[in-house]
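So the structure is just underneath, and the comments pick up after that.
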Amino acid sequence: MSDPQAPLDAPLDAPLDALVAAAGVAMAKAYAPYSRFPVGAAILGGSGRIHAGANVENAAYPQGQCAEASAIGAMVLAGDRHIRAVVVMGGQPGDGRLCTPCGGCRQRLREFAKPDTPIHVCGPDGLRRTFTLEELLPHSFGPDNLDF
Ligand code: THU
């Protein structure tokens, strides 16, 4: 495991392939009986560790939780407070559509990420497009607005 104090712009410990693989494993474990749209997310934390999560739906539909929210919960529980890279995986192989993070999850990621943090959008067949958080959530409100 890498040094938790390492600067956040240090080279990634985990290659993108490892993040994509973790998101794929998480996607396969999603609980999505209502939408039938499983999503997996994998976060590379400041420590260099990978934290994964999947969407967890609920019969009371609004209570469902997105994959990114699950992954953030796992990250915080593991002691990481910084997001260095994110992979979100959803959709069908070859459909080409982008499973970009929903609006709420963009804001959730914003809490722990930087404007230039890469968000890699994947299908089960691999990487489709990479955005920065700033591209997905411009002019965002974050901890710095509250002097944190
Ligand atoms: N979903 C996610 O997990 N992350 C997103 O950013 C987009 C949507 C989930 C929520 C719901 O369980 C399913 O995808 C269909 O909306």
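Data for the structure
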read-out	value
³J(HN,Hα), Karplus 6.51/-1.76/1.60, whole Hz, each residue of region 125-138, x for Gly, Pro	8, x, 5, 10, 6, 10, 10, 8, 4, 4, 5, 7, 9, x
Built amide H within the under 5 Å cut-off of residue 132, gap 5+	119
Radius of gyration and maximum dimension Dmax of region 33-99, Cα, Å	13.0, 36
Base-10 log of normalised Debye intensity for region 16-139 (one unit scatterer per alpha-carbon) at q = 0.09, 0.12, 0.14 Å⁻¹	-0.21, -0.37, -0.51
Least to most buried among 89, 27 (fewest other Cβ within 10 Å first)	27, 89
Ranked 148, 37, 112, 141, criterion: other C-beta atoms within 10 Å, fewest first	148, 141, 37, 112
Order of 139, 82 - criterion: other Cβ atoms within 10 Å of each residue's Cβ, fewest first	139, 82
Along each principal axis, Cα extent of region 74-148, largest first, Å	44, 29, 18
Cα→Cβ-extended label distance, 7 Å offset, between residue 141 and residue 28, nm	4.1 nm
Full-extension gain in nm, residue 35 to residue 77, via 0.36 nm per residue minus C-alpha separation	12.4 nm
Whole-Hz couplings from phi, Karplus 6.51/-1.76/1.60, listed for region 36-45; x for Gly and Pro	6, 10, x, 9, x, 9, 9, 10, 8, x
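Computed from the coordinates by the stated procedures, all read-outs in this text should not be read as laboratory data. On a predicted model such as this, the values are computed, not experimentally measured, just so you know. Cβ coordinates were reconstructed from backbone atoms using ideal geometry, including for glycine residues, and neighbour counts include every protein chain displayed.
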